[in-house]
DNA sequence: TATGAATGAGTGTTCATTCAT
DNA sequence: CATGAATGAACACTCATTCAT
């Protein structure tokens, strides 16, 4: 009998409705950010685009900053998942292969929604709330630092935390240039190879 | 016409007054951006700080975007001058020395007004695509590309425009991290040396 | 009909549940008014505090004004009961004693929940003209008028309805100052004595 | 020649324009408070009624509270002037005459704009800013206390500060009842006489 | 009958920009 | 040319109330 399924918890429909609303709001936010810019992303416009009343938006997000932060979190989570999936297995491979996998994973992660990534990374105010960008960077830094330490006798740099921090910034900047700003006048494949070379030469003085 | 001296004056005092007013407005803008943040930089507040009426501000700048753009231009010009002065002479030095000078020049340029640079680079909305940041980057890219080409037999990369573009982005990102965000947990001297190593190993496979 | 006991039950549990819900809502309203102020007393917050859904709140009260009015009524009823209990027996006492008892009863009534009384009396918007404050004042006025008339040869005022009305306002204002606003810079005991003197001198020209 | 009068200071027209705008805003505020109540007095509505843009309103008042406070101040000033003018001369008269003048002055002051007075006294939130009501009460209390002290051997009360405070509250409440709420069922003249009697009997045990 | 997600008119306030003087 | 009073669209956010479930 439809409409009276005792297996489903009573609260479930309400929860799924809520979740759908939240997703619609986040989707609308991303859409407006990407297509009209941060300045155009007013809460009223977001609500309208989401097909939801402004009151509903504020039922789920206490203020605009929290909304942006949630979107940031969602996006960061997607990137993190991609990175983990693609780079995780390569952590124990020989260094050149590990670096190649890592760079590839980062580039793929940046391809999830490059325009959104650009706005969240560059324009959205950092001081708002729960900066997930620094979170992901921090995790990455730690992971890379560990990876370097496990091979400290194969590599040239001695201040490993510094090397790790620099690698994170460096790769991030180059990948942004390649994937997001497209200011490198070269195919993304070519750039990927060149980033690998930058990193391997920095770490080992050679590529192979 | 009485007193119409075609040499230069007559108009000059007015022009120098104008220039002084423009400078006062730009100074006030920079001061407020640095000390109170982008959100506090309203045109009325800028005019007040500059000791000028809001009407006068709009006599010199058609809108707020033009004001920010002018400040950006002025700041970029100061950086460009610093870079030219410090790195120019080293262009013909041996590669390691040239790289060292270049990196040092870039770091000094970022030390002119790091907080202003941060806001202009990351927070202030760029009004149109033809902005001064890409200008300075473009010039830098050309200069470096020329430098690489004049030593194409000493270096490993073969796609020199790509290498130049990557070096610009890479150094900029690392210098920002060191000078502006201070997120590298190391002294600026140490970072400067490490950036030099990244670049030289990328170019030559070795530092010396 | 099985189990249909005509005595009282069947309906009673539902009614008592209703009453309990209403009481919970009124309690929550009073609590929020006293502890967080009128501005914080939103219907949603009241419902939450009462452990009831916002829908249920509107099942029992057609709108917010009715809710406040009900709370006002409940509070007035409590005050009325206190006054009746404390002042009733003294109605037939000699005038000075009667006045003393009356004033004391009024002060005690204002001590039931002074903070709530303050908000209901001063801040909460009165929805319609037929409010309980005028009710209690009206009853009081009549009672006092009767008391004065039964002693019209002992007292100075001749327009007894006017005297009664003035006494009600006068005592109310002074008790508010003493118990609620505490703006008299004197102990409540001292104020009570002084109010008695004001009243007795007005009625008799002397205290004893 | 019209439009070029060098006798008038340059800033004068601007100042008079400003003053007119401020007055218009305060007038509009008072009008809306009186005719539509506190709840209807939104800043946008006030600006509209004043024939002024909402921006202008905020040029002269930093927030709504300051606007209400300014209105309160203006009204209190008018009342204070009336009281001073009518009661000032009587301060040195014999007590009965002084009391009569005082009460009369207070009643006249409350007749300036009774409805506005009612809203400012009862509904407008006290916690906002510069509570002029307490100011005027405080001044009154001090004035009356001084008056009582100069005649301490003619009067019955011994705690003069308390007596003064009570007289202020008492007269205020009775005048409100007479002039503003009109809940005394008597002519204002009759009430005025009766208030005088309350006060004189309290102070002297007799009226003459 | 109870629930709570959803509504949307309305609030106080800001600020880039204009224009009469 | 300079002034600064004036503008008003726009913003982030609230809350009494409704209604599908």
**OP:** All but one of (1) surrounded by fewer than 20 Cβ atoms within 10 Å (Cβ to Cβ); (2) more than 9 Å from chain B (Cβ to nearest Cβ); (3) modelled with pLDDT of 95 or more hold for residue A:142, so report the exception by its number.
**Re:** (3)
Subject >> Residues that are touching a helix residue (DSSP H, G or I) at 6+ places or on another chain (Cβ under 8 Å) and part of a loop (DSSP other than H, G, I, E, B), drawn from the range C:89-109 >> reply: C:93
Subject >> Number of the condition not met by residue D:65 [criteria: (1) within 16 Å of DNA strand E (Cβ to nearest atom); (2) in contact with a helix residue (DSSP H, G or I) (Cβ under 9 Å, 6 or more places away or on another chain); (3) in a helix (DSSP H, G or I)] >> reply: (2)
**OP:** From A:112, A:54, grab the single residue that is surrounded by fewer than 17 Cβ atoms within 10 Å (Cβ to Cβ), within 19 Å of the chain's Cα centre (by Cα) and modelled with pLDDT of 95 or more.
**Re:** A:112
Subject >> Lone qualifier among B:71, B:86, B:57, B:33 - being more than 8 Å from DNA strand E (Cβ to nearest atom), over 18 Å from residue B:118 (Cβ atoms) and in a helix (DSSP H, G or I) >> reply: B:86
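Of the residues in the range B:36-54, how many are assigned to a helix (DSSP H, G or I) and more than 8 Å from DNA strand E (Cβ to nearest atom)?
Of the residues in the range B:36-54, 5 are assigned to a helix (DSSP H, G or I) and more than 8 Å from DNA strand E (Cβ to nearest atom).
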**OP:** Pick out the one residue from A:26, A:33 that is surrounded by 15 or more Cβ atoms within 10 Å (Cβ to Cβ), more than 10 Å from DNA strand F (Cβ to nearest atom) and within 14 Å of another protein chain (Cβ to nearest Cβ).
**Re:** A:33
**OP:** Among the residues of the range D:36-51, count how many are surrounded by 13 or more Cβ atoms within 10 Å (Cβ to Cβ) and within 10 Å of DNA strand F (Cβ to nearest atom).
**Re:** 4
**OP:** Kindly provide the set of residues from the range B:179-208 that are at the interface with chain A (Cβ under 7 Å from one of its Cβ atoms) and within 13 Å of residue B:155 (Cα to Cα), ordered by number.
**Re:** B:201, B:202, B:205, B:206
**OP:** Output the number of residues of the range C:155-184 satisfying the condition of being free of Cβ contacts under 8 Å to residues at least 60 places away in the same chain, part of a loop (DSSP other than H, G, I, E, B) and in contact with a helix residue (DSSP H, G or I) (Cβ under 6 Å, 6 or more places away or on another chain).
**Re:** 3
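Would a scan of the range B:140-154 turn up a residue that is assigned to a helix (DSSP H, G or I) and closer than 29 Å to residue A:37 by Cβ?
yes
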**OP:** Looking at (1) without any contact (Cβ under 8 Å) to a residue 60 or more places away in the chain; (2) away from DNA strand E (no atom under 15 Å from the Cβ); (3) more than 30 Å from residue B:205 (Cβ to Cβ); (4) more than 14 Å from chain A (Cβ to nearest Cβ), find the lone condition where residue B:121 falls short.
**Re:** (4)
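For the range B:57-74, what are the residues that are within 14 Å of DNA strand F (Cβ to nearest atom) and surrounded by 15 or more Cβ atoms within 10 Å (Cβ to Cβ)? Spell out the reasoning first.
As a first pass, look at the range B:57-74 and keep what is within 14 Å of DNA strand F (Cβ to nearest atom): B:57-64.
Of everything in the range B:57-74, those that are within 14 Å of DNA strand F (Cβ to nearest atom) and surrounded by 15 or more Cβ atoms within 10 Å (Cβ to Cβ) turn out to be B:57, B:58, B:60, B:61, B:64.
The values are calculated or read from the model by the stated rules, or taken from the named source; none is laboratory data. As the structure is a computational prediction, the values presented were derived from the model and not from experiment. In this analysis, Cβ positions are derived from the backbone assuming ideal geometry, glycine residues included, and neighbour counts consider all displayed protein chains.
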